[in-house]
Amino acid sequence: MTADLSSCKHWWGIRCLAINLSVALAYTAAGIAGLQFAFFNHNATSVWAPSGIALASLLLWGPRTLPAVAIGAFSVNLWLGGQLGSALGVAFGNSLEACAGWWVLTQWAGMNPKLEHLRDTGALMIFGVAASPIIAATLGPFSSWVAGALPGAEFVKTWLVWWLGDALGILLFTPLILAWAAHPALNFRNASTWRAIALLAAQTITAQIVFHGWLGSPLSIERATYALLPFAVLLAATCPLRYSTIASTMLFVTAIWQTAHGTGPFASGDPGVNLVLLHVFLAITSFTTLLVAGVNAERAGALLDMRRNVDRYRQLSELSAEWYWEQDENLRFKSLGASRYYDASQNAGTVASNQLGMTRWEIPHAGISDEEKAAHALLLAERKPFRDLVVTRFNNRGEPRITSTSGYPIFDEHGRFRGYRGIGRDITEIKQTELALRASEGRFRSLT
């Protein structure tokens, strides 16, 4: 037993080390790539995917990946040739940003990393995207200013760019990682998969056209950027969230690459200002699609729960009923249906389609007194439910079958009475058994 525990701990330690190594490498690579777009300050960029990678790693594996985030942030800033104190300050800010975002989302907001509900995506956008980057955007420039790497006059502008880059990184890459970690498999037999692929292809082609600048005069390429929104919104509204995250990331890569190479609607003028404007456009697009995808996930979850509840109640009702019936407001049968437990050999004719349009007492019956009929009529007049109304019916062979019927009144959304619906079952054998027991008891008492 001790050997098994030691082996388990050893395996878990190797797995934890592998996860941290992967996170640190991904953080470092994404950080070095993102800092190629640092137009205002060499430490501040509006393209900062590592913030999204860091928060996603903590949401998936907990704070055990925090060392990887700190090492990755420190390595990136030291690689840039920054001072040791500045690199430590930036690494601390980035680590604290991810840790604070993780804590608020999981411990306070109760976010599910699978992003299956609108409240989960809403919490991510409010606390993860908007709030947590404030920490790194404050501590990072402050560390650079203290180290003398950032002039005081550039502090506010650097803070804004830093916050925008971290916020957009979380908005794009955290949902991407979480959504595909929750549902990594692709089902090519599912129609929604091919629909998503078609919409992704259409958006990619449109993005290439727009950001290559091929629309030119007389068309306005500034307005043409929003031709991408219908594809993104349609994808978010009809397909699972993971496809929307792919679409947002592909749009981000295409737009950044083409703008950096001088083509597209955001390439003219000051490159720094235009890059910020581009990121505002990407943020609005990603925010909208993530919100729509959250609503779609909520709707899909509600539909799934509804189907499960319908199946559950159908199975339970079939266990207690042999047929179902429904009457209109005039108490005439408009629907009759047998369950899987309906014994057609015994009950054929007891429940038949020729009874549609009849009232209960227009169907041949016996075994119920006028007083019982009057009591039942009073319940119906008061629109109350009734249970175990025992009536004798006759099957196709003329044999009597004792039935028990229960019903519940139906009202529409305006409170108007629309009839009754209920269940029925054959209790002939039960009644025969009761009679036999009573007869046996009577014989026993006569003997004693």
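What follows is calculated from the coordinates using simple rules that are stated; it is not laboratory data. Bear in mind the structure is a predicted one, so any value in this text is a computation, not a measurement. Quick reminder, even Gly has a Cβ in these numbers, built from the backbone with ideal geometry, and neighbours come from all protein chains shown.
What distance in nm separates the two pseudo spin-label positions at Ala227 and Ile430, each 7 Å out from Cα along the beta-carbon direction?
Result: 7.0 nm between the two label points.
From the phi angles alone, apply the Karplus equation (6.51, -1.76, 1.60; θ = phi - 60°) to segment 409-418 and give each ³J(HN,Hα) in whole Hz, x where the residue is Gly or Pro.
x, 10, 10, 7, 5, 9, x, 7, 5, 10
Using the beta-carbon distance between Cys16 and Arg119 and R0 = 30 Å, what value does 1/(1 + (r/R0)^6) give for FRET efficiency, to the nearest 0.05?
The calculated FRET efficiency here is 0.50.
Taking the simple approach of a point 7 Å from Cα along Cα-to-Cβ for both Leu378 and Tyr408, what is their distance in nm?
A separation of 2.4 nm, rounded to one decimal place.
Provide the gained length on full extension for the span Arg308 to Arg445, in nm with one decimal, where the gain is 0.36 nm per separating residue minus the Cα-Cα distance.
Here the answer is 44.0 nm.
Straight distance only, please: which aspartates and glutamates reach the Cα of Lys334 with their own Cα at less than 18 Å, same-chain residues fewer than 8 apart left out?
Glu322, Glu326, Glu362, Asp412
Subtracting the Cα-Cα distance from 0.36 nm times the residue separation, let me have the gained length for Arg416 to Ala202 in nm, one decimal.
Fully extending the segment from Arg416 to Ala202 adds 72.1 nm.
Lys431: which lysines have alpha carbons under 25 Å from its alpha carbon, excluding same-chain residues fewer than 8 sequence positions away?
List returned: Lys373.
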